[in-house]
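Notes follow the structure.
Laboratory data are not the source of any read-out in this text; all were calculated from the coordinates shown. Nothing here was measured: the structure is a model prediction, and the numbers come from that model. In this analysis, Cβ positions are derived from the backbone assuming ideal geometry, glycine residues included, and neighbour counts consider all displayed protein chains.
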Amino acid sequence: MKIERVNDHQIRCTLTKSDLEVRNLKLSELAYGTEKAKNLFRDMMNEASRRFGFEAEDIPLMIEAIPLSGDTIVLIITKVEDPEELDTRFSRFAPGVLSSPEDFQEAGRLSGTSKDGETDTRLYAFRELDDCISAAHSVPKPDAVMSSLYKDNGLYYLIIRCRDDAETFHQIANMLTEYSTPELLTASRAVFLKEKAETMIASEALEGLRLI
């Protein structure tokens, strides 16, 4: 289990198959909010508190589930200052993690994932342009994905979409998480970035970044 501090209000937890096996927990059980899933969540929050001072007692939390390849899932846990502003389609509050199998599937859909990879799309936030460049140089076969780069409020946002090689797409998606923060990609978010944010590289962004 890998826990990272994103900022004062958000942490990122990466759970692998081995992490779940140690607890005799199946990935699908996270959707049911079982006692084992709740214990895992409490352990994550305790560890975040111990390591980063991330305190969330009596504070609503939004939990975004981003399934990755190889039975790995990323949980983005965010403190919510005003829950009424959240879209209830994808806001899920502690301690149930995700309240139903349908919620888990919806979280995957909203984050841009699909089971067959045909329409698989991901969004990543980078703090620095140098991080974008380093990420682009690290990925194999950048032309295996369609990619665009935007800038908004001082952050860089990279959107990638699978072309036809799902295996390579998932490799690239996993590697990008080492340099960035995966974020929820909804249709409205995609439209906002395209129409309101500054377009840095409209297409083939990964290839363009590798030339810098």
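A few notes on this one:
- For the pair D8 and N174, a Förster radius of 30 Å applied to the C-beta separation gives a FRET efficiency near 0.70, rounded to the nearest 0.05.
- Charge dipole (Cα centre; +1 on Lys/Arg Cβ, -1 on Asp/Glu Cβ; no other charges) of the range 121-210 amounts to roughly 240 debye.
- Other residues within the sphere of radius under 12 Å centred on the Cβ of T199, judged by their own Cβ, net out at 0 (K and R +1, D and E -1).
- Neighbourhood net charge (13 Å Cβ-Cβ; Lys/Arg +1, Asp/Glu -1) for C13: 0
- FRET efficiency, K79 to R161 (Cβ-Cβ, R0 25 Å, nearest 0.05): 0.25
- Efficiency of FRET from Cβ geometry, R23 and E128, R₀ 35 Å, rounded to 0.05: 0.45
- With a simple spin-label model that places each label point 7 Å from the Cα along the Cα-to-Cβ direction, the separation between S138 and E198 comes to 2.4 nm.
- Order of V191, V139 - criterion: other Cβ atoms within 10 Å of each residue's Cβ, fewest first: V191, V139
- Across all directions, the shadow cast by the convex hull of the range 121-210 built on its C-alpha atoms averages 5.0 square nanometres.
- When only the Cβ of Lys, Arg, Asp and Glu is charged (+1, +1, -1, -1), the dipole of the range 145-192 relative to its Cα centre reaches about 200 debye.
- Taking other C-beta atoms within 10 angstrom as a stand-in for reagent exposure, S147, S49 fall in the order S49, S147, fewest first.
- Among L185, L206, the order by Cβ neighbours within 10 angstrom, fewest to most, reads L185, L206.
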